Structures are given as structure tokens and as C-alpha cells.
Amino acid sequence: MKIILKCLLLVLPLLFLTSCFDILDKVNVKADGSGEYSLILNASKSKTRLASISKMETVNGKKVPKKSEIEAKINEAARIFKTVPGISNVKTSMDFDNYIIKLSCNFKKIEDVNSGLEQLKAKNIVGKMIPTNIYSHSPAKKTFSRNKINTFKSDYDKLSSADKEVFNNAKYTSVLQFENTVKSQSNASYQLSPNRKAMKLEGNILDFILQRKQTQNTILFQ
């Protein structure tokens, strides 16, 4: 998801120094609307390069963040999420040997995740321009939506050539799991599982930034 990507690049500038990383966001929604949200950044494919970079002060004119600074950002994001009504069981893990970072939480309704991201924006953990109304769910109407978001193409176009290269090999995967059975969806790019209770969208992050692929989807349950 472009929103999550942008948020995490702001929170974790170390990722801006390598183009080989994967982002996975996963939502598991129960019939009553509650569920679990998790976000994983995996730069293990670049761990040798990142280990070398972490010992430097600057790269391409950018300050290299210390592990302690990254930990502080992640812990602050977790602390803020814990204050959001409806959010519980917030967990973080940081593996700096393999450069894998995870944030997860439970929610009473998926819109609580939107509220958590809005709080991160209010506390300047993420940029002011970041949209936060990402998900919506109506158990009564039996619908779940990944809402339409603005393009980041103009922001991408303003980047230097070196910064643009960061996205060349980066991958993004979104997994949606449901207790209810999916009847239909509006975005056929999502792969539907045989039991019709899970779907996946994956591709190069650049495809989503340039909107060659769309994350927007409206899902109707049986």
C-alpha cells in the first residue's frame, strides 16, 4: 500500500538507503468487525549492505540513522497506537541482524487503524500530507473497502535519481483475511483464495506509486 510505504519510509529512513526490501501488510477481520493488523518490513536481502551503511555517518548526503534512533521511532509509534480507543495488544519486534521490523495490533473495528495512523500524523511521526482514511468496513452492509487514495507520483517525480533507485527492486504485498466468505470484489488484481476467505495483492512498490496498479477495492461478503 502506498500509504503504508510512505509512512514507513518517513519513520525508518534507513530503508531509503537500499532498494531491496519487502513490505507486507496484513489484515485479518472477524465477522463482528474486530481483528488483527500487522505490518512487516523485511530488508534481509540487503542486510550485508545495511550493516556496512549503519557504520557510516552519511550516504548520498543523507544522515544514516542509528539503531537507537530507529528503535525510538518505532517505540514512539507503538506508544501512540496504544492510546487509540479500540486498539489493543500492540506489539513490535526489531531484528537488526536481519533488518526485519514488525508492528502489530488488535482492533475492535478496522477504522481504529485509520485513527492510529491519524494520531501518528498529529504527533509528527509521519508527514502531514499522508492520507489516513485507508480502510472502512460495514458488517451490516457486508462490505469491506480499501479506500481510494491520492497518487504520490508528483512526490516521486521530485526525488533525485539516487532516491528513485530505492524503489526499483522494492516489493509490496497486501493480504486480507476474513471470517466471512467473499461474494465479489471490485479490483480483480487481488488474487482470491480457493475458499474465498482471503485475498492477496502484490507487486513492485513503484507500480503502486505510479498507479500502474491500484490498491482500491470494495469487497462484498455473502
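Laboratory data are not the source of any read-out in this text; all were calculated from the coordinates shown. Just so it is clear, the structure is predicted and the values come from calculations on it, not from any experiment. Methodologically, a virtual Cβ is constructed for each residue, glycine included, from the backbone with ideal geometry; neighbour enumeration extends over all protein chains shown.
On a full-extension model of 0.36 nm per residue, what is the gain between Thr181 and Arg79, subtracting their alpha-carbon distance, rounded to one decimal in nm?
Between Thr181 and Arg79, full extension yields 33.3 nm more.
Assign unit charges at the C-beta atoms only (+1 for Lys and Arg, -1 for Asp and Glu), then state the dipole size of the chain relative to its Cα centre in Debye, rounded to the nearest 20.
Roughly 260 debye, rounded to the nearest 20.
Taking one equal scatterer on every alpha-carbon of the range 124-222, how large is log10 of I(q)/I(0) by Debye at q = 0.11, 0.20, 0.23 1/Å?
-0.41, -1.06, -1.25
Where the centre of each part is set by its Cα atoms, how far does the range 142-185 sit from the range 67-112, in angstrom?
20 Å
Expressed in nm², what is the orientationally averaged projection area of the convex hull enclosing the Cα positions of the range 27-140?
Result: a mean projected hull area of 8.3 nm².
For the chain, what does -39500 (n - 2.57) per DSSP helix run (n ≥ 4), summed and divided by total residues, give at 222 nm, in deg cm²/dmol to the nearest 500?
Numbers: 7 runs with 59 residues, N = 222.
It comes out at -7500 deg cm²/dmol, rounded to the nearest 500.
Stokes-Einstein D for the range 2-221 at 4 °C, 1.567 mPa s, Kirkwood Rh over Cα pairs, in µm²/s?
Estimated diffusion coefficient is 72 µm²/s.
Pop the C-beta distance of Arg49 and Asp95 into the FRET formula with R0 = 22 Å and round what comes out to the nearest 0.05.
Values: r = 16 Å, r/R0 = 0.73.
My answer for the efficiency is 0.85.
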